[in-house]
Amino acid sequence: MIPGSFSYHRPASVADAVKLLSDLGEDARPLAGGHSLVPMMKLRLASPAHLIDLHGIAGLKGIRRDGNNLLIGAMTTQHDLLESQEVAGSVPILCEAALLIADPQVRYRGTIGGNVANGDPGNDMPALMMTLGATYRLEGPQGAREVAAADFYQGAYFTILEPGEILTSVSVPVPAAGHGYAYEKLKRKVGDYATAAAAVVLTMAGGKVATCTIGLTNVHETPLLAVDAAKAVIGTSLDAAALKKAASAAEAIMSPAADARGPVEYRKHVGGIMVTRALQRAATKAT
Amino acid sequence: MNDMTPTREQRTAALEGMGCKRKRVEDVRFTQGKGNYVDDVKLPGMLHGDFVRSPHPHARVKSINSEEALKVPGVLAVITAETLKTVNLAWMPTLAGDVQMVLADGKVLFQNQEVAFVVATDRYAADDGVNKVVVEYEPLPPLVDPFKSMDPDAPVLREDLAGKTTGAHGPRKHHNHIFEWKVGDKELTDAAFSKAEVAIKEMISYHRTHPSPLETCQCVCSFDKVKGELTIWGTFQAPHVIRTVVSLIAKLPEQKIHVIAPDIGGGFGNKVGAYPGYICAAVASIVTGKPVKWVEDRIENLTATSFARDYHMTTEIAATRDGKVTGLRVHVLADHGAFDACADPSKWPAGFFNIVTGSYDFPTAHLAVDGVYTNKAPGGVAYRCSFRVTEAAYCIERAMDIMAQKLNMDPAELRLKNFIKPEQFPYHSALGWEYDSGDYHTAMRKMMETTGYAALRKEQAEKREAFRRGETREIMGLGVSFFTEIVGAGPSKNCDILGIAMFDSCEIRMHPTGAGIARMGTKSQGQGHETTWAQIIATEIGIPADNIQVEEGNTDTAPYGLGTYGSRSTPVAGAAIAMAARKIKAKAQMIAAYKLEVHEDDLEWDIDGFRVKGLPERTMSMKDICWAAYNSVPPGMEPGLEAVSYYDPPNMTYPFGAYLCVMDIDVDTGVYKVRRFYALDDCGTRINPMIIEGQVHGGLTEAFAIAMGQEIRYDDDGNVVTGSFMDFFMPTAVETPHWETDFTVTPSPHHPIGAKGVGESPNVGGVPAFSNAVNDAFSFLGATHIQMPHDYWRNWKAAKDLGAVA
C-alpha cells in the first residue's frame, strides 16, 4: 500500500497540462481528485512516473448555466455539485446521485471530471451523463473537441481519450421543466460501488410516459443506455406489464461480473429491480 | 455540623467509584489526536521493514534473488529464511504448540505468506525493494476446502511434520490433521439419541472472519549492542507474554528485554499472538544495530495476521416430544489454516468450545473437534470473545431454534423450558464446567416483556399471511439469542499459556498527598482501563478515582500479567485490584487506629475513611492516612502505603444475556433492515455503566458485521478475495442499527467485587440473534438453516431457493 516514486507537476493552464502530457507520454497521468488513481498507485497497479496535478488550473473548476446547458468544469468536486443551487434547480438528479457517491470526505475531493473520465464502470456519473445526453469537452495537442458521453466509453478503464487529451468540462442539457427523475442504487454499504444502479429521466403527459431515458451503472464493462427498456415504457402508464417488460429489456443488455456483491444472476436481477423502482419514483416526481 | 459538610451521598459521588458513569479519562488525549501509538514511535536512525509476500497459496520456493532489491537506493538488507537460520529463527513456536515459518522455508503455504523482509531507510524504499526481489515459485495444488483436507489423496501441506503421528494435543490421523479433542460421555450421549423422541441434526458453519482493529499490528525493535538489550514497542495485548516468548526463542535474558505496549487502537484478539513481523524487525535491528519499524498495511492485516472462527459444527440435539432436551452431540471440523496459531490457553486446542451446552440443562453431551491444516492464513484467535465461545454460542443458539422449529414451539418457550434453574447454581455442565451463577429465566422474561415479544410474534404471523396473499414482498424475522459466556481465564488448575498460569496482577502505590498510581498486568486496547480500574480502587479505599493514575503496558514497571483478551481483565485483574486495595486498606486501618488512639477493631469503614464505632465525629480520612503512612506510622511498622496482588481466580465467571433482533427482509433484493435490537446483559456487578454500554454497542456492531457479511473468503484456487474494507464488511455509522441496552445483575459469588466480564458478550450473543432473525424470517417458507453470512445476495438466493422469488 505504498506507491512507487513519481515526479509531480502542477501546471497553471490547460495548455501547459496538455503539453506536459504529450511530452511525457504514457508515463504521465493527470491527477484530479485522486480517488481512483491514488489507490491504484498504492497497490502498484498503476505506477505513473509523472503526475500532472490539475488543481492549479483555475479555469477547470465551477458550475454555470449557458443557455439551455449546465456547464460543469472538470475539477468541480461532488461536494461543489451538492452545494450548487443551480444544479439543485435545473438538474436535481445530479445531486441525488452525488449524494450516493462514497462519503463526505471523498466528495470533498472527488471531481466530476475524474469520475466521468476514468472509465471505471463502477462510477455513478457516467451512466447519468449518458442518460442526460451530456457532452464532454476534450482538449489535447490537436485542439479541442466535443464528444457525446454515450460515445466516450469503450471498455473498462478504456475511453476514446487520445494520448495527451484532458477532459476539461461537461455540458449537460437541462431537462424539460416538470421532468421526473430518479437514481436507484443498490450498494452493500456507504462507500461501495453499485451492485447495480439505474438512472431514469422522463416526462409524463396525461398520465402516460411521454419521453424516457434510462442509464445503467456497473452492470457491464461500460455504462449503458437501456434504449429498449425506455421504449418499452413510452406511452404506458407504467403498469405492471410495462415495468416488467422494461426490467427484462434492461436485464437483457447487462453483463456484470460475478464479485463479492453477488453472482451474475443476482446483479442482473437487482439491476432490473433498480430500473423498475427508478421508473416508478421518477414518475411520481414528474409534473 | 455546618452546611458546608458534605453529605454521605456527596462524599460517595466525589469518589466516582463503582457504579458511576465516569467519563473516560483516556478520551482527553484520544479525542484530541494526542494518543501515542506504535507508529508515533520515531527513533534516531530508525529503519523500516516490509515483506515480500507469496502470490501463491501453495508453492515450492525454488529461489530468492535479492540482487536488484539491494541496488535500490536506501535498501540495506533483505532477510530470508536462510538469514534467520543463522540465528535459529526461521521457525517460531506458536501458542498452540505448533511451529510456524517466520519466512518461507522451502515452500509457501498460504497466499500473502511472508517470504522475505526488506530493510531500508524509509518505508517507500523498503516497498521499492520488495518489488525488486525476484522469487521463483513452483506452484503446488492448493487445499482450500477443509472438508477435503483429510482425503487420502489430499496434498501434503506440512512437510516438516512428516512422520509425526503425534502433535501437541495427541495423535494425528492424517498428514493434514492437527488434533482431535473429545469431551463428554459418548456412550451416555449416544444412548440419549437412540432413545430420543425427537432429534435434529444440522451442519452449522461459522465462517472465517477477522478481528480487523483499525490500527494494524506493528512494532519498533531497537537492539542496543553495547548493553545487549532489546526494546520492543508493539501493539501487544499481552506484553509480558511477548517478553517471555522473545526471551525463550531469541535466547536473550528476560531482564534484557523491554516490551512496551503504548496506546493501542483496538485489538479484538488480533494482537495476542506473535507474528513474523516482530521476529523479523528484531532480527533486523540486531543485524543492523539500528531501530527497525514494521507497520502492517490493511491488506496484510486482513490476509496474513490471525483470522477468527472457521468452525464447521455438525450439531445434534435430542429431546422429548414436549421439548425437554435430553442430549447434545457436536462434531467440529476446525480449519486452522497453514499453521496452528490459535491463541488459546495451552491445554485447550479448541478453546472453551465445551461451553456449547449453553444456558441449557443437558443431562449428557459429547463433543469432538478435529483441527485440520489448509492453505489459508494461520490464526483462529478469539475475535472479541472468550476462546471459541462465540462459535459455541452460535452453534447451540442456532440449534435450539432448529429444534423449536421441529417441535413447532416458540424458540423463547423452548429456551425457558430448558434453562438451568437459579437453584441449580453452581451448576456442573455435562461438558465439564462449573457455572458460578445465573438467573436466566428472569433475564429472558424481562427481554420478552420489554420488547413486547408476544405482540411481535403476532405481527409476524399477520405479515406472513400478507406475504402469502401477495400484498407484500417483505418478510419479518425475530432472532432470539440467550447466551452464556465463560470468561476470566483462568484458574491455574486448568489455564496456562506456555506453562505460565493465567493469573493477573495489580500493584498500588499511594503517595503522601492522598493520590496514587496503580499498575496492572493487563493492557487496554480501548476498553477504558484507566477509567474503570481507578473506579474500583476509589470504592475500595475511598480515594477519588481522579487521584489514581493507572498505568499498563510497560514490562519494566508493570507487575507480570497475562494481558487483556477473552474478557479476562475484570474477572482476573479486576479481582487483583480489589485484593491489592484491600491490603492497602488493612494497613491504613492500623495507621488510623494508632492515630485515633483506639484499637483497630473499634474502627469501621465509612466511604472515604475510618471512623470510631459509636463516635461518628472521630474519623480519619484515607487522604490523611496516606500522609501519616509516610511520617507517623505506629512503632515497628514500615512506612509507606503500597501493595501488590497476584490473583489466581478460583473459577471462571459466566456472564449471560438475552437478545432480540427484529429484522425485515425484502425478498426481491435480499436487502434487510434491522428494525430493532434489544440487548440485556448480566455481567454481575457493574463498574461503569457508560463503559458497559459502549462495550455492548461496539460488540453488537461487530456481531452485526459478522452475521450480515463480514467474511474472509478464499476462491477455489486459494486466492483470498476479501483484502480490503471495500469487500470485507466493516459497517459505518450509516449501516449500524440502533441498539437498546438493558441489564440484570447477578453478581459472581467468587469474585471479590462480584464482577464478570462484558466486553465480548455482545459479539458472542449478537451473532446468533442476527442469524436467528434471518432464519426465522425464512422459516415459514420452509428454511431450516441458512448459513452465514447473510448478505444481500445470499438472502435473495435463500428466497429464490425457497421459491419466493421467480
How much length is gained if the chain between B:Q255 and B:M409 is pulled fully straight, taking 0.36 nm per residue apart and subtracting their Cα-Cα distance, in nm to one decimal?
-> 49.3 nm
Potential lengthening between B:E136 and B:T121 on full extension [0.36 nm per residue; Cα-Cα distance subtracted] = 2.8 nm
If each of B:T86 and B:M590 carries a label point 7 Å out from its Cα toward its Cβ, how far apart are those two points in nm?
-> 5.8 nm
About its Cα centre, how strong a charge dipole does the protein assembly as shown have in debye, to the nearest 20, once Lys and Arg get +1 and Asp and Glu get -1 at the Cβ?
-> 840 debye
Label model pair A:E26, B:D145: point-to-point distance (7 angstrom along the Cα→beta-carbon line) in nm is 4.2 nm
Using the beta-carbon distance between B:T166 and B:D190 and R0 = 22 Å, what value does 1/(1 + (r/R0)^6) give for FRET efficiency, to the nearest 0.05?
-> 0.20
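How much mean residue ellipticity at 222 nm does the protein assembly as shown get from its helices, if each DSSP H run of length 4 or more adds -39500 (n - 2.57) and you divide by all residues, to the nearest 500 deg cm²/dmol?
-8500 deg cm²/dmol
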What ranking do B:T305, B:T522 get, fewest neighbouring Cβ atoms within 10 angstrom at the top?
-> B:T305, B:T522
Charge dipole (the protein assembly as shown, unit charges on Cβ, about Cα centre) - positive-most of A:Q142, B:F725, B:V758 | A:Q142
Over 28 Å between C-alpha atoms is what I'm after, so list which of A:K245/B:K800; B:K251/B:K523; A:K187/B:K293; B:K256/B:K583; B:K347/B:K417 land there.
-> A:K187/B:K293; B:K256/B:K583; B:K347/B:K417
Please report, largest first and rounded to whole Å, the three semi-axes of the ellipsoid equivalent to the protein assembly as shown, where each semi-axis is the square root of five times an eigenvalue of the C-alpha gyration tensor.
-> 52, 37, 32
Likely footprinting exposure, B:I257, B:I396, fewest C-beta neighbours within 10 Å first = B:I257, B:I396
Amide H neighbours of B:I204 under 5 Å, counting only residues 5+ apart in sequence or on other chains, H built in-plane at 1.01 Å?
-> B:M313, B:T314, B:T315
10 Å Cβ neighbours from other chains, averaged over peptide B:119-127 = 2
Obtain the nm distance between the two label points defined at A:V147 and B:E68 by a simple spin-label model: each point lies 7 Å from its Cα along the Cα-to-C-beta direction.
-> 3.4 nm
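Peptides B:339-350, B:195-206, A:30-41: what's the order by average Cβ count within 10 Å, highest mean first?
Values: B:339-350: 24.1, B:195-206: 17.7, A:30-41: 20.1.
Result, highest mean Cβ count within 10 Å first: B:339-350, A:30-41, B:195-206.
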Please give the average number of partner chain Cβ atoms lying within 10 Å of the Cβ of each residue in A:41-51, rounded to a whole number.
-> 1
Charge-dipole axis of the protein assembly as shown as Lys and Arg at +1 and Asp and Glu at -1 on Cβ define it, positive-most pick from A:S169, B:S285, B:P55 = A:S169
Taking the Cα centre of the range B:124-187 as origin and charging only Cβ (+1 Lys, Arg; -1 Asp, Glu), how large is the dipole, in debye to the nearest 20?
-> 320 debye
Cα-centre dipole for chain B with unit charges at Cβ (Lys and Arg positive, Asp and Glu negative), debye to 20 = 320 debye
Rounded to whole Å and sorted largest first, list the principal axis extents of the Cα atoms in the range B:42-88.
-> 39, 26, 19
Residues B:K42 and B:T513, FRET efficiency given R0 of 51 Å [Cβ-Cβ distance, rounded to 0.05] = 0.90
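Would you mind ranking B:Y37, B:Y137, B:Y373, A:Y181 so that the residue whose beta carbon has the fewest other beta carbons within 10 Å leads the list?
Ascending number of Cβ neighbours within 10 Å: B:Y37, B:Y137, A:Y181, B:Y373.
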Options B:N36, B:P363, B:M788, ranked by Cα towards positive dipole end of chain B, top entry (Cβ charges) = B:P363
Which shape class applies to chain B: rounded if a/c is under 1.5, otherwise prolate when a/b exceeds b/c and oblate if not, where a ≥ b ≥ c are the square roots of the Cα gyration tensor eigenvalues?
-> oblate
Please report how far the C-alpha centroid of the range B:122-161 lies from that of the range B:60-84, rounded to the nearest whole angstrom.
-> 18 Å
Radius of gyration and Dmax over the Cα atoms of the range B:1-88, both given in Å | 28.3, 87
Rg (Å, one decimal) plus Dmax (Å, integer) for the alpha carbons of the range A:28-181?
-> 14.8, 49
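Volume per residue, Å³, of the convex hull around the alpha-carbon atoms of the range A:7-51?
For the range A:7-51, the hull spanned by Cα atoms encloses 65 Å³ per residue.
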Give the relative contact order (percent, whole number) for chain A; include only Cα pairs under 8 Å separated by 6+ residues.
-> 15 percent
Which far-off residues, 5 or more places away or on another chain, put their amide H under 5 Å from the one on B:K107, with H placed in the peptide plane?
-> B:V61
What whole number of Å gives the distance from the Cα centroid of the range A:1-57 to the Cα centroid of the range B:453-487?
-> 54 Å
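All of the numbers you see were taken from the coordinates with simple rules; none came from a lab. Since this is a predicted model, take the numbers as computed values, not measurements. Reconstructed Cβ throughout: ideal geometry from the backbone, glycine too, with neighbour counts over all protein chains shown.
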